[in-house]
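The values are calculated or read from the model by the stated rules, or taken from the named source; none is laboratory data. Here the structure is a predicted model, which means the values were calculated and not measured. Here the Cβ positions follow ideal geometry from the backbone for every residue, glycine too, while neighbour counts run over all protein chains shown. Just the protein is used for accessible areas: all its heavy atoms, side chains included, with ligands, DNA and RNA removed. Shrake-Rupley method; radii C 1.70, N 1.55, O 1.52, S 1.80 Å.
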Amino acid sequence: GLDDGLFTIFTPERRAYYETHINSAYSSDRLIWTYRDHPRLTEMEKIRSAKDISTRGFTVATYHGNGWIKAELEPLGIKVFYEKEPFRRLSRKKADIVIEDPLIGIRTIKQQNIPFHQITQTKVVLPTIPYQLLIGKKSRFVVILPEFDRRMREIREDGTMERIMAVYKSAV
C-alpha cells in the first residue's frame, strides 16, 4: 500500500488489487537454470512445461513474491524454495532449478558474486510471459493505463523497444 504500482506479471491473485493495460509491455523468455553437472541434466532438458517439472519431481528456487511460480507451479505440487538469493541456493545444490529470464539471471548471478562455473543455463525455454504495468485500484494514477498501453504499442511498432532492449542486453 505504499506505492502506486509495479512492473511485473499480472496474476489472478493480483487482479483483486491492481488494474493493468490491455497489451503486455514486454514479454520475456524463461530459461531453466541448474547447477553444474546436475545428474539429471539430460532429463531436465526434455522439460517443456510446468507439468513436466512436476512429473519429474524437480525442486525450484525462486525469489520471494514470485507470483507466477505461486500461481503456476505450486498448484502442481512442485516443491518451491522462496529465497532472497535463489541462484545461491542453486549453486549450493539445494534445489534443482531456477526459472528466470536470461538477462535477469545473468545480472543476478553477477550481482550476487556467484561463480558462473557453478551455474548452468540450460537450453530449455519455457513459454514467454508478459510483463505489465500494474497500478493499484485505489491509486489516482490508474487513469494513465489506456495511454500507457497506446505508447507501449507505439514503441514496439517503431522499433524503440528493440533499441532499448539492445542497450540493456549490452550492459549485462
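Give me the percent of accessible area attributable to carbon and sulfur for the chain, probe 1.4 angstrom.
Of all accessible area on the chain, carbon and sulfur atoms account for 52 percent.
Under 24 Å Cα-Cα from Lys123, which lysines qualify once same-chain neighbours fewer than 8 residues away are excluded?
Within the straight-line cut-off, Lys123 pairs with Lys46, Lys51, Lys70, Lys79, Lys93, Lys94, Lys110, Lys169.
With every protein chain left in place, what is the accessible area of Ile114 in Å² (1.4 Å probe, nearest 10)?
Answer for Ile114: close to 10 Å² accessible.
First select every other residue whose beta carbon is under 15 angstrom from the beta carbon of His21; then total the charges, Lys and Arg +1, Asp and Glu -1.
Combined, the nearby Lys, Arg, Asp and Glu give +2.
Which whole-Hz couplings ³J(HN,Hα) result when phi for each residue of the stretch 81-98 is put into the Karplus expression 6.51 cos²θ - 1.76 cosθ + 1.60, θ = phi - 60°, listed in order with x for Gly and Pro?
9, 8, 9, 5, 10, x, 5, 5, 4, 4, 4, 8, 6, 9, 7, 8, 9, 10
Taking the radius of gyration and the Kirkwood hydrodynamic radius from Cα positions alone, what is the Rg/Rh ratio for the stretch 88-157, to two decimal places?
Over the Cα atoms of the stretch 88-157, Rg/Rh equals 1.15.
Throw me the Rg/Rh for the stretch 49-172, computed over C-alpha atoms with Kirkwood Rh, two decimals.
Dividing the radius of gyration by the Kirkwood radius yields 1.03.
For the chain, take the longest principal axis of its alpha carbons; what is the angle in degrees between that and the long axis of helix 145-157, to the nearest 10 within 0 to 90?
Orientation of helix 145-157: about 70 degrees from the principal axis.
Please report how far the C-alpha centroid of the stretch 1-30 lies from that of the stretch 118-157, rounded to the nearest whole angstrom.
The distance from the Cα centre of the stretch 1-30 to that of the stretch 118-157 comes to 7 Å.
Residues of the chain: accessible area per residue at 1.4 Å, in Å²?
Details: 10180 Å² over 172 residues.
I get 59 Å² per residue for the chain.
Based on the alpha carbon coordinates of the stretch 30-110, what radius of gyration and maximum Cα-Cα distance (Dmax) apply, in Å?
According to the Cα coordinates of the stretch 30-110, Rg and Dmax are 11.6, 32 Å.
What is the helix-to-structure angle for 102-111, meaning the angle in degrees between its Cα long axis and the longest Cα principal axis of the chain, kept from 0 to 90 and rounded to the nearest 10?
For 102-111 against the chain, the angle is about 70 degrees.
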